[in-house]
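Here the structure comes first, spelled out in structure tokens, and everything after it is commentary.
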Amino acid sequence: MQAELKDILDSIDELAHRGSLTRSRAFAAWFAITFFDIEEDDALESAAADGGNDQGIDIAFADASSEEIVILQAHCPENFSKTTPKAKWDAVVAAIPYIRKPKLLADAGRPDLSEQLQSLQKANPTYTYTVGLITLGKKSDQIDRSVAAHSKDPSFIGINFFHYAQDVILNKYQGLMDAEAGIPEDHLQFSGNYFEDSGEYGRAWVGSVSAGELKRLHTAHQDKLFAGNIRLFLGARKGGINEQIMKTAQTSPGNFWALNNGITIVADSAAPLGEPKSSGLQLKRFSIVNGCQTTSSLVRANAKDTAKVLTRVIAAKVGLKNEIVRYNNSQNAVKIWTVRAADEIQEQLRKEFHKVGVTYAPKQAGSRRKRDALTIELDKVAQYLASTEPAYLIQAIDNKSELFDEPYQKLFKKGISAASVYLAWLVGQFADEERQKHLEGLGGDENAPLLGVTGTYWITYCTFKIFAKLSDLSSPQITVQRMRSTEFENALKKYVKKAVEMFYDAAVDSYDREQYGSFKSTLRSSKFLAKIDSKINSRIVKLTAKSLPDLTATAKSIKAT
């Protein structure tokens, strides 16, 4: 098995375990997370709309960059050397009536999936659809021919079809892995004069590049040319931006420069090829970080050299390359926590954790790789911290980006200790583990979705409510070093296990579909929080001091290192 395929499967299996999903549905979530930057919790929730009568819909989500609702059928075979069966594609085509009229899903016994699609349509009324089959099986020519036929069928206007098989996905994945390295070396030929600039960021060159030169680079390097740009090129949907790019390149190549935003190339170094300046640059370790759609469309349109593109090349200083990739990739909104990660509070925490061998708030690699137990992700730990307070619990579940706005100063108070952050991190991690165990034990219980991925934050909330009654978390005895001991972790897990039982019992007692809607909307409801809170409080009151370990005493008994 190829190393890249094994890496992908490891990540898929981790997602399958966390979301209690089949491998194929976890693959759908992995694809959405990796190539569309969908939040992990959102992707797992969408893929978890499981059960019979799903009509070939494994995951559905909105992609704001292309203004499309993306719907996928995922296929993760047992034998990766076999060609993908056409029946998998037929399931995609059969889903179209249900996609266009989601109420049909409710009639077929899938009200949850119906609600999900209707919610996407209501929130994005002008979006068209991209519907595809993703598979880790081998490419099927029969499927490709069918995709081409359906794409030309006038009855499917407004729907963009695609099929990505194993070779394409592995190639795209390798492009992500090569993002730091880029293309070792090549030259870039400008079509005229260019100018040079410099600043704190490093050096930059700006000029015009012909379609022919971009086609040459693409022929030589294929998708590695876009190593710093994770967005997939899904073709040219009717009326979409890529179709417009291709049309302009074919019919009005001379106007292309004026109508296109241009592309950005980031390189480790660049040097003039010679005089005069019109000759170009020799580039080392470079990639196109913004311009995948433009370049791919020009290649597919076989554009003439009269089509030119405004191009800037940046030889960035060490440490700035990732930020340039993030800020210049117009297909990818900048995540606010990547900005917060550089402030003095996070830098101080990073230093404190470094002293005890814990990696804190590194560059976000996403869920395409297996997680490291000693790596704390800033966005996730912020959700755990927010889950300790009723004022922010629903925000932690529904929109974690908001946590880095107004609530940020309250969650990460000046002087916040690494111990406080680490305790929230441990509780959140153990809450997720215990939630999964409890969920597996429920089997086919109709209320099991109450322990879906967002149940982790509710369990974290309950755990800290139990702490408030039985433990003094401000004790100086509770340090990061001591919390990393087996004894302390075992004591903490007992609190979390009790919290899972309390939350699930109270949630089942409180859930009412007519009042709160689907399980997903219930776990995002402030009214549900108000109702369940009193039930949890009544259960906590019954706990005695000896029912759970004294965390301060446990920490004190551990020999400091």
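Laboratory data are not the source of any read-out in this text; all were calculated from the coordinates shown. Keep in mind the model is a prediction, meaning the values are calculated, not measured. Heads up, the Cβs are rebuilt from the backbone with ideal geometry, glycines too, and the neighbour counts pull from every protein chain shown.
The table below gives the values:
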{"quantity": "Over 27 Å (Cα to Cα) - which of LYS497/LYS542; LYS414/LYS498; LYS494/LYS535 fall in this group", "calculated": "LYS414/LYS498"}
{"quantity": "Longest to shortest principal axis, alpha-carbon extents of region 81-209, angstrom", "calculated": "63, 40, 29"}
{"quantity": "Over 36 Å [Cα-Cα, the chain], rounded percent", "calculated": "42"}
{"quantity": "Ellipticity estimate at 222 nm from DSSP helix runs (n ≥ 4, -39,500 (n - 2.57)) divided over the chain, nearest 500", "calculated": "-15000 deg cm²/dmol"}
{"quantity": "Sorted peptide list for 136-142, 288-294, criterion being average Cβ within 10 angstrom, highest first", "calculated": "288-294, 136-142"}
{"quantity": "Rel. contact order, % - alpha carbon contacts under 8 angstrom, at least six apart, the chain", "calculated": "11"}
{"quantity": "Nonlocal Lys pairs with alpha-carbon distance under 18 Å, region 3-173 (8 or more apart, or different chains)", "calculated": "13"}
{"quantity": "Potential extension, GLN282-GLU344 segment - 0.36 nm per residue separation minus Cα distance", "calculated": "18.5 nm"}
{"quantity": "Of ILE134, ALA62, GLY19, farthest towards positive along the dipole that unit charges on Lys, Arg, Asp, Glu beta carbons give region 3-173", "calculated": "ILE134"}
{"quantity": "Cβ crowding within 10 Å averaged over residues, with 406-418, 71-83 ranked highest first", "calculated": "71-83, 406-418"}
{"quantity": "Distant-in-sequence amide H partners of HIS75 (H built 1.01 Å from N, under 5 Å)", "calculated": "ILE134, THR135, LEU136"}
{"quantity": "Whole-number percent relative contact order across region 18-146, with pairs defined as alpha carbons under 8 Å at least 6 apart", "calculated": "28"}
{"quantity": "Ranked by how many other beta carbons lie within 10 Å on average, peptides 485-496, 19-30, 258-269 from highest", "calculated": "19-30, 258-269, 485-496"}
{"quantity": "Mean separation of Cα contacts under 8 Å (6+ apart) over length of region 372-493, as relative contact order %", "calculated": "31"}
{"quantity": "Among beta bridges that DSSP assigns inside the chain, antiparallel share in %, nearest 5", "calculated": "60"}
{"quantity": "Rg/Rg_globular for region 3-173, with Rg_globular taken as 2.2 N^0.38 Å and Rg from C-alpha atoms", "calculated": "0.97"}
{"quantity": "Theoretical gain in end-to-end length, GLU67 to VAL168 [0.36 nm per residue, Cα-Cα removed]", "calculated": "34.0 nm"}
{"quantity": "Dimensions in Å of region 423-517 - Rg and Dmax from alpha carbons", "calculated": "14.6, 48"}
{"quantity": "At R0 = 45 Å, FRET efficiency that the Cβ-Cβ distance of GLN250 and LEU104 yields, to 0.05", "calculated": "0.70"}
{"quantity": "Neighbour-count order for TYR504, TYR164, fewest beta carbons within 10 angstrom listed first", "calculated": "TYR164, TYR504"}
{"quantity": "Long-range Cα-Cα pairs in region 336-557 (distance over 27 Å), rounded percent", "calculated": "32"}
{"quantity": "For region 471-561: Kirkwood Rh in Å [reciprocal of mean 1/r, alpha carbons]", "calculated": "15.3"}
